[in-house]
1. Only one of (1) in a helix (DSSP H, G or I); (2) in contact (Cβ under 8 Å) with a residue 60 or more places away in the chain; (3) out of contact with any Gly (no Cβ under 6 Å at 6 or more places or on another chain) is not met by Ser42, so which one is it?
2. Which numbered condition trips up Met33, out of (1) assigned to a helix (DSSP H, G or I); (2) at pLDDT below 95; (3) surrounded by 15 or more Cβ atoms within 10 Å (Cβ to Cβ)?
3. Identify the residue in region 99-114 that is free of Cβ contacts under 8 Å to residues at least 24 places away in the same chain and not polar (S, T, N, Q) and, among all such residues, is farthest from Thr30 (Cα to Cα).
4. Among (1) touching a helix residue (DSSP H, G or I) at 6+ places or on another chain (Cβ under 8 Å); (2) at pLDDT below 90, where does Met95 come up short?
5. Could you look through region 16-30, keep only residues that are part of a helix (DSSP H, G or I) and surrounded by fewer than 19 Cβ atoms within 10 Å (Cβ to Cβ), and pick out the one that is nearest to the chain's Cα centre (by Cα)?
6. Six or more apart or on different chains, Cβ under 8 Å: which pairs go from a residue in region 66-95 that's in contact (Cβ under 8 Å) with a residue 40 or more places away in the chain and part of a helix (DSSP H, G or I) to one that's surrounded by 18 or more Cβ atoms within 10 Å (Cβ to Cβ) and among the charged types (D, E, K, R)? Could you list them?
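The values are calculated or read from the model by the stated rules, or taken from the named source; none is laboratory data. Note that the coordinates shown come from a computational prediction; the quantities given were computed from them, not determined experimentally. Glycine gets a Cβ as well: all are built from the backbone with ideal geometry, and neighbour counts include every protein chain shown.
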Amino acid sequence: MQQYTALLLSLAVEAPAGVIAMMLLRGESTLYMRAATVAVASTLLSHPFAWYANTVWLWHLPFAERAAVIELSVVAFEAMFYIWLVPLSWKKGFMVSLIANTASFALGLLCAITS
């Protein structure tokens, strides 16, 4: 998969997943649009670094280890945006980030397996 295709898929999945996560966590409905905006902005900021880490910095690690390091880093990075900009408690911020990124990662795996 090319970087820009992966970015577009991430954007298409993480914004709705962030809103769904807010609904599941019983977040205020007035914050749904803000959560979607934060999902898009944080993905645009984190994706280039995650892609570079996968292809250059950590290429020597086995896939599972590489994916764990990158995804946990991205979840923590993006959680800060949910915490500061939505704003959410640190627990809810991490949960929203984890749910959004898990959905995106799962779609990426599915695309890789089926291609």
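1. Answer for Ser42: the failing condition is (2).
2. Met33 satisfies all of (1) assigned to a helix (DSSP H, G or I); (2) at pLDDT below 95; (3) surrounded by 15 or more Cβ atoms within 10 Å (Cβ to Cβ) except (3).
3. So the residue we want is Ile113.
4. Among (1) touching a helix residue (DSSP H, G or I) at 6+ places or on another chain (Cβ under 8 Å); (2) at pLDDT below 90, Met95 violates only (2).
5. Out of the qualifying residues, it is Pro16.
6. Tyr82/Lys92; Leu85/Arg34
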